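S.K.: Dropping the structure in here first, questions after.
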Amino acid sequence: MRIFGVTGWKNAGKTGLMERLVADITGRGFSVSTLKHAHHNFDIDHPGKDSHRHRTAGAQEVLLASGNRWALMAELRGAPEPPLEELLAKMSPVDLILVEGWKRSDHPKVEAWRAETGNPLIAPDDPSIVAVASDQPMRLDRPVFDLNATSDIADFILGHVGLT
């Protein structure tokens, strides 16, 4: 499977860029899945729901299915967070998996960067960042795109992963 990431600091525009890229690339006829890293505790079901009751009772995995979608929840129960490669192996084949986060992994990525956050660029010290999408013009040793130039960024990603 082809993998390409969108990374950056908090509030840099990663999620908005991911959303626009998925719409653009699927609009071109490619199948896309996403994998998002969360640095905080999260939950996709809620107390009182049957699936939550199963998990809190001690189930290792709970698969919830309907006529519209299914979701598999796995409890780590103290085990370490699985590495990106292990999570990618659980995904069904598609043309492209877009990964949000995982800034320390070595897959190719575009860095989303907004000046207003005051955070430094990650790209100068990370060769896995092959392009930057920014709200400010800048000079770097790799391509720099306007953060809102979704089609241009999608062209770059598709070319980089060999889908053009």
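Derivation of every value follows stated rules applied to the coordinates shown; laboratory data play no part. Model, not experiment: these values are computed from the prediction. No Cβ is skipped: glycine too gets one built from the backbone with ideal geometry, and neighbour counts run over all protein chains shown.
S.K.: If I ask for residues that are in a loop (DSSP other than H, G, I, E, B) and surrounded by fewer than 16 Cβ atoms within 10 Å (Cβ to Cβ), which ones from the stretch 108-134 would you list?
M.R.: Going residue by residue through the stretch 108-134, those that are in a loop (DSSP other than H, G, I, E, B) are 108, 114, 118-122, 126-128.
Passing the criteria: Gly118, Asn119, Pro120, Asp126, Pro127.
S.K.: Can you tell me which residue within the stretch 24-42, out of those that are without any contact (Cβ under 8 Å) to a residue 40 or more places away in the chain and farther than 22 Å from Ala89 by Cα, is surrounded by the most Cβ atoms within 10 Å (Cβ to Cβ)?
M.R.: In this case the residue turns out to be Gly27.
S.K.: Which members of the stretch 86-107 meet the condition of being closer than 17 Å to Leu17 by Cα and not in a loop (DSSP other than H, G, I, E, B)?
M.R.: Those that are closer than 17 Å to Leu17 by Cα and not in a loop (DSSP other than H, G, I, E, B): Leu96, Ile97, Leu98, Val99, Glu100.
S.K.: For the stretch 1-74, list the strands (runs of 3 or more DSSP E) that sit wholly inside it and hold at least 1 residues that are of a type in the set (Ser, Thr, Tyr) and in contact with a Lys or Arg (Cβ under 9 Å, 6 or more places away or on another chain); which are they? Break it down into steps so the answer makes sense when it comes.
M.R.: Values: elements: 2-7, 32-36, 61-65, 70-74.
Strands (runs of 3 or more DSSP E) meeting the threshold: 2-7.
S.K.: Something else: Please verify whether Thr56 is hydroxyl-bearing (Ser, Thr, Tyr), out of contact with any His (no Cβ under 6 Å at 6 or more places or on another chain) and closer than 29 Å to Ala149 by Cβ, treating the condition exactly as stated.
M.R.: Details: hydroxyl-bearing (Ser, Thr, Tyr): yes; out of contact with any His (no Cβ under 6 Å at 6 or more places or on another chain): yes; closer than 29 Å to Ala149 by Cβ: no.
When the stated conditions are applied, Thr56 does not pass them.
S.K.: I want to confirm something. Restricting to the stretch 70-105 and keeping residues that are basic (Lys, Arg) and under 20 Å from the mean Cα position of the chain (by Cα), which single residue is nearest to Ser33 (Cα to Cα)? Don't jump to the end; show me each part of the working.
M.R.: Of the residues in the stretch 70-105, the ones basic (Lys, Arg) are 77, 90, 103-104.
In the following step, the residues that additionally are under 20 Å from the mean Cα position of the chain (by Cα) were identified as 90, 103-104.
Working: Lys90: 12, Lys103: 18, Arg104: 20 Å.
If we take residues in the stretch 70-105 being basic (Lys, Arg) and under 20 Å from the mean Cα position of the chain (by Cα), then Lys90 is nearest to Ser33 (Cα to Cα).
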